Amino acid sequence: MTHPIPAQQRLILPLDLPSCDEAEAIITQLGDAVQFYKIGYQLMPIGGISLARRLIQSGKKIFLDFKFLDIGATVEKGVASVTRLGGHFLTVHAERDAMAGAIAGRGDNQQLKLLAVTVLTSWDKNNLSDQGIDQDVEALVLHRAERAAEAGFDGVVASAKEAAAIRQRFGETLHIVTPGVRPTGARHDDQKRVVTPQEAIRAGADYLVIGRPILSAASPAIAADEIVSQIKQAMK
């Protein structure tokens with residue numbers, strides 16, 4: 001495999017829920033089945049930061065999916081504030097000035113890993129064309145991954161559809177965090193570039209962000225355990 005990461009820590013559960021009370025109820029149900037949680041826009045303004053602190057204090061790992069994009073000085077200040085939270089992953093859009101600001105804002109903090117957002121997994125060639133971008137998805141992902149590596153970022157967020165190409169070009173330089181992963185038979189919902197957990201790991205992804213198949217399951221803990229089992233199988 002690429003990076004020596006335990007199978008259970010490769011699964012990241014996004015807490016995309018309407019309230020922190022609902023998030024904490026799921027966390028309680030999951031117990032030790034999930035070790036790594038993602039907090040994004042939905043919870044951030046309604047107690048998500050406090051929840052992140054509590055989870056970190058309890059020994060969980062936290063992915064702060066804030067997708068910073070602004071002038072470098074502003075991103076620098078935002079990232080400097082995030083470092084005081086004690087989180088483990090933080091997203092920044094793969095724009096040169098924003099990434100430089102993020103590196104400056106992180107300073108010597110080695111726990112917080114900076115991830116560059118390449119192309120959202122809900123986008124395809126039509127979405128890029130609508131924005132005036134005359135490139136296919138993989139070419140744009142690789143271009144932005146190149147900028148992330150040059151900036152000194154720790155990894156990228158990209159679909160597993162591009163993971164193999166990223167791994168081939170950058171080797172072990174970048175962690176690859178992959179959303180848009182669905183177990184076999186699960187609904188794709190709003191994702192377009194979708195793969196199974198096994199396909200993602202075998203393509204070179206390090207971490208898989210999987211939410212709805214766990215959150216909507218009758219037993220979230222069993223669903224999480226099954227996904228971790230699939231990850232283990234793919235790592236052999």
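The numbers here are math on the coordinates, done by the rules we state, and not lab data. The structure displayed is predicted, hence computed values, not measured ones. Positions of Cβ are backbone-derived with ideal geometry, glycine not excepted, and every protein chain shown enters the neighbour counts.
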Checklist entry - What is the Cα convex hull volume of region 7-235 when expressed per residue in Å³? => result 120 Å³
Next on the checklist: Just want the answer: with Cβ charges of +1 for Lys and Arg and -1 for Asp and Glu, which residue in Q233, N126, L17 is farthest toward the dipole's positive end in region 7-235?
Outcome noted: Q233
Checklist entry - Rounded to the nearest 0.05, what FRET efficiency is calculated for Q131 and I46 with R0 set to 30 Å and r the Cβ-Cβ distance? => result 0.50
Item to check | Cβ crowding within 10 Å averaged over residues, with 20-26, 221-227 ranked highest first | outcome: 221-227, 20-26
Checklist entry - For region 116-177, what is one quarter of the convex hull surface built on the Cα atoms, given in nm²? => result 3.8 nm²
Next on the checklist: Given contacts defined as C-alpha pairs under 8 Å and at least six residues apart, what's the relative contact order of the chain, whole-number percent?
Outcome noted: 19 percent
Next on the checklist: Filter K77/K113; K113/K161; K67/K232 down to the pairs with a C-alpha to C-alpha distance above 20 Å, please.
Outcome noted: K113/K161; K67/K232
Checklist entry - Going from the alpha-carbon gyration tensor of region 1-100, what semi-axes, largest first and in whole Å, does one get by taking the root of 5 times each eigenvalue? => result 24, 18, 11
